[in-house]
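Enquirer: One structure is given below, represented as structure tokens, and several questions about it will come after.
Since every read-out is calculated from the coordinates, none of them should be taken as a lab result. These figures come from a predicted structure and were not determined experimentally. Glycine gets a Cβ as well: all are built from the backbone with ideal geometry, and neighbour counts include every protein chain shown.
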Amino acid sequence: MKKGLQNERNRGVMKISDKRILAVVEHLRGNGFNVALAENGKAAHDKILEEVPSDATIGVANSVTIRQIGVLEKLQKRGNTVIDPISPGYGLVEFKQETFMETLKGTLDTDVFISGTNAVTEDGKLVNIDGLGNRVAGMIWCLRKSIVVVGRNKIVKDVDKAIYRIRNTITPTFAKRRELRLPCAKAGRCVDCNVPERACNITVVIEKRPPLTNMTVVMVDEDLGLGWDPEWSHERIDEIRHKYEQFDWPYAPAFLSYKGKFRVGHQ
């Protein structure tokens, strides 16, 4: 363990319950990412407020992780312009076909892009599977700043384990809850479908920080978003599900029937 991380613990700055987090943070930094370590969602919320300039425009991915820590409301309250395709009045909750694509594009033309991630490997790689690609595009290509918030439940052993979990646990769970007409929702696992509504079209592994992107990973010692190992206790999985559903806003029926053209991520 690097001396800096050990000193953080010794000074009592934070108490980290999962020792793997410190190892992941070390590997992320070794891969060139800026990393902020947070002991819970509230601490992550505060770190993001410190990272984001008060005059910055902000694009947001479809991320329950970000909504769980409550930072978007605070950013808006202090005067930041926040473009969030999931919030009421935008594209998915109150579906407006004429503005939907413009809203998605608008999230990428901002000063700061904030998102979660599907998984982070023990050796410090970010793994994501998207339907559209707007989320991973914002993470990778945002010249001023990209912020990725990661709950401890997103840690996996390696890239293969990450992809397996996303395809066989997370996406089927997401699809079933959303009542999406996807084969994995019915089967409870990935069947490598070939339907227009397919949610797993783009797989991106960010092995190192993109050289032109100021990317900060906020590693949080709290379960956030949608992600778990099936071998975990039922109690922990149920708690993750419950917390997720509290912030998983429904899509408008008009969006779900929109010819299956658009699907978004499930962080």
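Enquirer: Report, by chain and number, residues whose modeled amide H sits under 5 Å from the one on V217, excluding near sequence neighbours (fewer than 5 apart, same chain).
Expert: Placed amide hydrogens put N34, V35, A36, V148 under 5 Å from V217.
Enquirer: Moving on. Quote the relative contact order of the range 34-256 in percent (integer), defining contacts as alpha-carbon pairs under 8 Å separated by 6+ residues.
Expert: 26 percent
Enquirer: Separate question: How far apart, in nm, are the 7 Å Cα→Cβ label points at L212 and N34?
Expert: With each label placed 7 Å out from Cα toward Cβ, I get 1.8 nm.
Enquirer: Positive end of the charge dipole of the range 34-256 (Lys, Arg +1 and Asp, Glu -1 on Cβ, about the Cα centre): tell me which of L143, I48, G133 has its Cα farthest that way.
Expert: G133
Enquirer: Can I ask one more? So how far apart, in nm, are the two label points at K176 and E50 if each is 7 Å from Cα heading toward Cβ?
Expert: Between K176 and E50, the label points sit 4.1 nm apart.
Enquirer: Another one. Quick check: pseudo-label points 7 Å beyond the Cα along Cα→Cβ at K15 and R241, how many nm apart are they?
Expert: Between K15 and R241, the label points sit 3.0 nm apart.
Enquirer: For a quick check: with amide H placed at 1.01 Å from N, whose amide H comes under 5 Å from G225's, ignoring anything fewer than 5 positions away on the same chain?
Expert: Amide H neighbours of G225, under 5 Å, 5+ apart: T65.
Enquirer: How long are the three semi-axes of the equivalent ellipsoid for the range 34-256, computed from the Cα gyration tensor as the root of 5 times each eigenvalue, in whole Å, largest first?
Expert: 25, 21, 17
Enquirer: Can you compute the charge dipole magnitude of the range 34-256 about its Cα centre, using +1 on each Lys and Arg Cβ and -1 on each Asp and Glu Cβ, nothing else charged? Give it in debye, rounded to the nearest 20.
Expert: Its charge dipole is roughly 320 debye.
Enquirer: Rounded to whole Hz and in sequence order, give me ³J(HN,Hα) for the range 222-233 from the Karplus expression 6.51 cos²θ - 1.76 cosθ + 1.60, θ = phi - 60°, writing x for Gly and Pro.
Expert: 3J(HN,Hα) across the range 222-233, in whole Hz: 7, 6, 9, x, 9, x, 6, 9, x, 7, 5, 5.
Enquirer: Let me ask something else. Could you put C193, C200, C184 in order, starting from the residue whose Cβ has the fewest other Cβ atoms within 10 Å? Walk me through the numbers on the way to the answer.
Expert: Values: C193 14, C200 19, C184 24.
Starting with the residue having the fewest Cβ neighbours, the order is C193, C200, C184.
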